[in-house]
Structure formats: C-alpha cells, structure tokens
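A short worksheet on the structure shown next.
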Amino acid sequence: MTVNIIFDFLEPFKDKFPNIEILYGLAIWNINRAKTEAALVNTILPAEGLFLRWKNDLEEKITRDSKHLKKRDAWNKIKTNWFSIEPGGKVTFNNS
C-alpha cells in the first residue's frame, strides 16, 4: 500500500527525469530503510512523511555533492528539470 502512495507522490517527477525508474528504485530503497528505522524505535510514519524524508535527503545529498567538482559533474550529467547546478556549485530546485 505504501509503495503505491509513494508512486503517486513521484508522479510529478516523471517529466523532470529522463529515467524515472532509477528514481523509483532510490525512493523505494530509502523508504524501506526509513520504515525499518521507524520500526526499531516503535514509530509509525505515514507514507507522505516517508516520501518527504526521502526527498529532503536527496536534496541535501545533491546540495552537499555540488560542493565537490567530481560529484557535481556526475549530477550535471543527469539531464533533469527538477534541479540545476550552476558552475560555482549553487543548486536550484524546481519544486513546482
């Protein structure tokens, strides 16, 4: 059930990434990790909370990686309409 809800949340990203299946895989892996962590501390997280945690983690990773040239170059190879990294490393996200 949670996976279907997550796919609904990922729907707006379909037009922003060239290979949405990779994004699905990343989301499902991270969401399962979050569910396991929540179960260990006896907490129930709603699907929206799991999705937002994954999205924020990914945004933080992209921003952190943008400060290192090799990692920034790897992210720049992904042609996406969701984020852009300027030559100086400034990251802009399009969350609309």
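Would you be able to tell me the number of residues in the stretch 49-75 that are loosely packed, with under 15 Cβ neighbours inside 10 Å and among the acidic types (Asp, Glu)?
Of the residues in the stretch 49-75, 3 are loosely packed, with under 15 Cβ neighbours inside 10 Å and among the acidic types (Asp, Glu).
Take the residues of the stretch 61-87 that are hydrophobic (A, V, I, L, M, F, W, C) and touching a strand residue (DSSP E or B) at 6+ places or on another chain (Cβ under 7 Å): which is farthest from Ala27 (Cα to Cα)?
Top of the filtered list is Ile85.
Looking at the stretch 1-39 only, could you name the residues that are touching a helix residue (DSSP H, G or I) at 6+ places or on another chain (Cβ under 7 Å) and either exposed (fewer than 11 other Cβ atoms within 10 Å of the Cβ) or outside any helix (DSSP H, G or I) (or both)?
The answer is Lys14, Phe17.
Looking for something of a type in the set (D, E, K, R), surrounded by 13 or more Cβ atoms within 10 Å (Cβ to Cβ) and at pLDDT 85 or above - is there at least one such residue anywhere in the stretch 81-92?
no
Against the condition under 13 Å from the mean Cα position of the chain (by Cα) and at pLDDT below 80, how does Asn19 come out, does it pass?
no
Would you please name the residue that is nearest to the chain's Cα centre (by Cα), looking only at residues in the stretch 75-95 that are part of a loop (DSSP other than H, G, I, E, B) and either under 20 Å from Pro12 (Cβ atoms) or among the hydroxyl-bearing types (Ser, Thr, Tyr) (or both)?
Applying the filter and picking the extreme gives Trp82.
Going by the conditions given, is Asn94 within 19 Å of Pro18 (Cβ to Cβ) and of a type outside the set (Val, Ile, Thr)?
Working: within 19 Å of Pro18 (Cβ to Cβ): yes; of a type outside the set (Val, Ile, Thr): yes.
Yes: the conditions hold for Asn94.
Just for the stretch 42-60: of the residues that are hydrophobic (A, V, I, L, M, F, W, C) and not in a helix (DSSP H, G or I), which one is nearest to Asn30 (Cα to Cα)?
The extreme case among them is Leu45.
The values are calculated or read from the model by the stated rules, or taken from the named source; none is laboratory data. Just so we're clear, the structure is a prediction, and the values are computed from it rather than from any experiment. Because the Cβ atoms are built from the backbone with ideal geometry, glycine has one as well, and the counts that use them run over all protein chains shown.
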